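One structure below.
Each reported figure results from applying straightforward, stated rules to the coordinates on display, with no laboratory input. Please read these numbers as outputs of a predicted model, since none were measured by experiment. Cβ sites come from the backbone with ideal geometry, for glycine too, and all protein chains shown count toward neighbours.
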Amino acid sequence: MTYRISHWINGQHVQGTSGSTSPVFNPATGEHIADVDLATESEANTMIASARAAADSWKESSLSQRASVLFAFRELLHNRSDDLARIVTREHGKVLSDAAGEIARGLENIEFATAVPQLLKGGHSAQASRGVDVYSSRHPLGVVAGITPFNFPVMVPLWMCGTAIACGNAFILKPSEKDPSASLFLAELWKEAGLPDGIFSVLQGDKSAVDALLDHKDVAAISFVGSTPVAKYIYESGTARGKRVQALGGAKNHMLVLPDADVEMAADAAVSAGYGAAGERCMAVSVVVAVGDIGDALVEAIASRLPHLTTGPGIDPSSEMGPLITEQHRDRVAGYIDAGAREGAEVVVDGRDAKYPDRGFFLGATLLDKVEPAMSVYQDEIFGPVLSVVRRETFDEAIELVNSNPFANGTAIFTRDGGAARKFEQAVEVGMVGINVAIPVPVAYYSFGGWKASLFGDNHMYGPEGVAFFSRGKVVTSRWPDPATSTIDLGFPRTR
């Protein structure tokens, strides 16, 4: 029996009225388990009006009140994380340990946001000029929205909502229609934590819901994570309407392995970063660049590990890799393996041969060697368990390969040479760099984001740049002179 997934408006579940729904599947079984409502423009407008009214009072709340709510939400989420992980696994397919890890990393962002009294503390300069003081403060934007992807239905919303709410805004979440239940779980926890109704809302839907948020004059800012074409569309549409937009796009993350690297450690890292979450991560390593003569040994070491990976339903504690999100996506990824073989890549391990007892959307771990930049498996973001090995003779050639790629989200280098690592970190044109760290996702008190086609907008996500994005600065210049000293002076004000 299927269940229905609805909106969250003004602190309660509200069923959609459009009559349009989208199916939600259990990727491990292929079973149609739910239908999610798709919002109309009218429903979006109702939600935005509710958020607008709530934001007007929430911005007047004290910083200690906001911190108190965030602390309560953090405790509730921590205590209920196992329940939420099961929801994520049921609708996304990722294994339970991966779902738990996603929630834990999201919690770090809530913990960062609990420091809102410190984060929003302005500056003060006494006697900037004779008898003149200058001070700064930060203020909320009003109603802001987050549009989030299917691959992290908890972590990415938590990248946005905690900071946005801490800054005094009302936040509307538009989650992926492929795995939307986690969004409502978060909404219920926010309510239980004491957040006023209307400050956290959930708008279920597809592109029509996205466009409703882009079009509405009362939505001041939009934060997005997803593919590059959609990121570009949201950035251009939102900024054309005068909104703040931070839109994180796709990735093609390279991991360089130098000849001096420990082959076994590098192979472990490549397998972990390439096949975790079935490759459905924007920070997944999808290209291993073997430099010099390390290629044969590295490919052999990676290939030897793949038969020992346990692929199966995410709810099974023995599973290490689950299914892909939909049947269509599974077939799309398999098509890239077909194309790679046709274009001349060597299929070292073929995930298309894997057999599973269930009807789920499974694809085994795949390793391709001798991949070249002209091949589609290199050019496109595959978003699946396919790891490509590109060979380059020199370190400089490897750096040039990374820098010539249009994506610039994350990259990593494995080496024992500190000088080479420092040269790489300085020369590589990528937003997030790992040194012997395959997935360099920054901790919550830094900020997340790439360069080039991986980011549209000026602010990276969460951390200090998240605070800057979800608030705006005001500077006050203050003077309290004796009225008897007042004169007319048409010259430009000086501070000396």
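Give the shape of the chain as rounded, prolate or oblate, defined through the alpha-carbon gyration tensor: a ≥ b ≥ c are the square roots of its eigenvalues, a/c under 1.5 means rounded, and otherwise the shape is prolate if a/b is larger than b/c and oblate if not. Before the final figure, lay out each step's value.
On the way: a/c = 2.24, a/b = 1.39, b/c = 1.62.
It is oblate, given that a/c is not under 1.5 and a/b is not larger than b/c.
Could you derive backbone 3J(HN,Hα) for the range 215-228 from the dihedral phi with the Karplus parameters 6.51, -1.76 and 1.60 (θ = phi - 60°), listing whole Hz in sequence and x where the residue is Gly or Pro?
7, 6, 5, 8, 8, 7, 8, 9, 10, 9, 9, x, 6, 5
List every residue whose amide H lies under 5 Å from the amide H of VAL285, counting only residues 5 or more places away in sequence or on a different chain, with H placed 1.01 Å from N in the peptide plane.
The answer is GLY274.
Taking a ≥ b ≥ c as the square roots of the Cα gyration tensor eigenvalues, with a/c under 1.5 meaning rounded and otherwise prolate when a/b beats b/c, else oblate, which class fits the range 426-488? Before the final figure, lay out the partial values.
On the way: a/c = 3.88, a/b = 3.50, b/c = 1.11.
Here the range 426-488 falls in the prolate category.
Non-local amide H neighbours of MET461 (under 5 Å, H modeled in plane, Pro and chain starts lacking H): which ones?
Residues meeting the amide H criterion: PHE448, GLY449.
Taking a cut-off of 17 Å between Cα atoms, list the aspartates and glutamates near LYS452, but don't count ones fewer than 8 places away on the same chain.
GLU236, ASP380, GLU381, GLU400, GLU425, GLU429
By per-residue mean of other Cβ atoms within 10 Å, what is the highest-first order of 45-55, 167-177, 482-492? Before the final figure, lay out the partial values.
Details: 45-55: 20.8, 167-177: 26.5, 482-492: 5.6.
So the peptides 45-55, 167-177, 482-492, ranked by packing, come out 167-177, 45-55, 482-492.
Please list 210-222, 192-204 highest first by mean number of surrounding beta-carbon atoms within 10 Å per residue.
Working: 210-222: 20.5, 192-204: 22.2.
Output ranking for 210-222, 192-204: 192-204, 210-222.
Can you give the local net charge around MET155? Use residues other than it whose beta-carbon is closer than 15 angstrom to its beta-carbon, Lys and Arg +1, Asp and Glu -1. Write out the running numbers ahead of the final one.
On the way: positive: ARG74, LYS94, ARG105, ARG281; negative: GLU91, ASP98, GLU102, GLU108, GLU111, ASP179, GLU280.
Here the count lands on -3.
Among all the lysines, which ones have a C-alpha under 24 Å from LYS121's C-alpha, if same-chain residues fewer than 8 places away are not counted?
LYS59, LYS474
What FRET efficiency would be calculated for the residue pair ARG80, ALA128, taking the C-beta separation as r and a Förster radius of 41 Å, to the nearest 0.05?
0.25
Using helices alone, what [θ] at 222 nm do you get for the chain, with -39,500 (n - 2.57) per DSSP H run of 4 or more residues, divided over all residues and rounded to the nearest 500? Show your work: numbers first, answer last.
Values: 16 runs with 186 residues, N = 496.
Helix-only estimate at 222 nm: -11500 deg cm²/dmol.
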